[in-house]
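Asker: I am attaching a structure below and will ask some questions about it afterwards.
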Amino acid sequence: MEQLLSLETPVVVMGCVLLSWKIVRHIWSFLDVGKEPVTVLVTGAAGQIGYALVPMIARGEMLGPDQRVIIHMLDIEAAADSLNGVKMELIDSALPLLKGVVATTDVVEACSGVEIAVMVGGFPRKEGMERKDVMSKNVSIYKAHAAALEQHAAPHCKVLVVANPANTNALILKEFAPSIPEKNITCLTRLDHNRALGQISEKLDVDVSDVKNVVIWGNHSSSQYPDATHATINTISGEKSARELIADDKWLKGEFVTRVQQRGAEIIKARKMSSAMSAASAACDHMRDWLLGTPKGGWVSMGVCSDGSYGIPAGLVYSFPVTCHNGQWSIVQGLKIDEFSREKMDISAKELTEEKTLAYSCLN
């Protein structure tokens, strides 16, 4: 009898533990318990990209389907009414992940406590404006934004600059927000990366999800170099080189490159407005991969501070292929660079060096 009881006791204990766990899970399901909300800033939120972006963030497309968010939206005084309209629409959408929304024209209020900042606001180039005039306007804007983030954002804040000139705006922000780690300041070249994926998928008539490892090198401008040298295609018989499957180096070094470089202008010509939906989608892709990690065996393109990799001058914000893990990015090393690629990469680096010099002259 004693031996039987000794055998039954562990079974009873395990049964009680299992029952208790089921009860706890049942009670937990009725409570609004989950991840703490993340505060996300979107500048220029009343504009086209901002209008497309904020509902994507509130639906979980940037941070995942279980991450609640508080969205801070900033725009200029002239856009205050439109900004409030965006806030009303967010509220009217009854989005479960949205735990708060602030619409403001006060940069200090907008930056307070933010953990992710998506800098969409900037001064666009207008007809008749010189390059230096545009740069001077944006240097002033990003110097002010940097100061506000420096003083009021969360210490671990991660920043994505979307507004053009994106690479140099990110550089200015980095200079004037020294307490934000430079690895936490990036710019958007994911839109160009996605465009490159789309062009290859159309060329080969394959699903875009089967194409990976294109690279955007350099500036988010017409000097960028879309590189398909290392791209692969997932086929029934395994991964194949995109270059081999396309079998048309003239297209890869010609039309493919120029089509991706000029895609923004092509869209403006077609719809009389700049890219908004695709830019917002790319911003979500960029932040999601940065924070949640890139797929195994693949990389994405991000504008990041150069450490001298691939002969690119250290300190420039330049687009590289990167992998992301635990909220940190790393430049992919060891890719073979042919003579054609080297020339294209250096042209974009030269343009960014000139932009940096121009930006600093505006500061002075």
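The values are calculated or read from the model by the stated rules, or taken from the named source; none is laboratory data. What you see is a predicted model; the values in this text were computed from it and never measured. Cβ placement follows ideal geometry from the backbone for every residue including glycine, while neighbour counts extend to all protein chains displayed. These area figures cover heavy atoms from the full protein model, side chains too; ligands, DNA and RNA do not enter into them. Shrake-Rupley method; radii C 1.70, N 1.55, O 1.52, S 1.80 Å.
Asker: Going by the structure shown, is residue 253 open to solvent by 60 Å² or more (accessible area, probe 1.4 Å) and in contact with a helix residue (DSSP H, G or I) (Cβ under 7 Å, 6 or more places away or on another chain)? Before the answer, list the steps.
Answerer: Numbers: open to solvent by 60 Å² or more (accessible area, probe 1.4 Å): yes; in contact with a helix residue (DSSP H, G or I) (Cβ under 7 Å, 6 or more places away or on another chain): yes.
Judged against the criteria, residue 253 is a match.
Asker: Does residue 336 meet the test of being outside any helix (DSSP H, G or I) and basic (Lys, Arg)?
Answerer: yes
Asker: May I ask you to list the residues in the range 200-247 that are open to solvent by 80 Å² or more (accessible area, probe 1.4 Å), assigned to a loop (DSSP other than H, G, I, E, B) and either acidic (Asp, Glu) or closer than 30 Å to residue 163 by Cβ (or both)?
Answerer: Within the range 200-247, 205, 207 qualify.
Asker: Same structure, new question: For the range 48-60, give me each residue that is open to solvent by less than 30 Å² (accessible area, probe 1.4 Å) and outside any helix (DSSP H, G or I).
Answerer: 60
Here's the yes/no breakdown for (1) among the aromatic types (Phe, Trp, Tyr); (2) over 19 Å from residue 332 (Cβ atoms); (3) in contact (Cβ under 8 Å) with a residue 24 or more places away in the chain:
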{"site": "218", "(1), (2), (3)": "no, no, yes"}
{"site": "238", "(1), (2), (3)": "no, yes, no"}
{"site": "241", "(1), (2), (3)": "no, no, no"}
{"site": "266", "(1), (2), (3)": "no, yes, no"}
{"site": "290", "(1), (2), (3)": "yes, no, yes"}
{"site": "296", "(1), (2), (3)": "no, no, no"}
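Asker: Of everything in the range 138-165 that's touching a helix residue (DSSP H, G or I) at 6+ places or on another chain (Cβ under 9 Å) and either open to solvent by 80 Å² or more (accessible area, probe 1.4 Å) or aromatic (Phe, Trp, Tyr) (or both), which residue is farthest from residue 222 (Cα to Cα)?
Answerer: Of the residues in the range 138-165, the ones touching a helix residue (DSSP H, G or I) at 6+ places or on another chain (Cβ under 9 Å) are 138-153, 156-165.
Then keep just the ones that are either open to solvent by 80 Å² or more (accessible area, probe 1.4 Å) or aromatic (Phe, Trp, Tyr) (or both); that gives 142-143, 151, 156, 164.
Numbers: 142: 22, 143: 25, 151: 35, 156: 33, 164: 12 Å.
The residue in question is 151.
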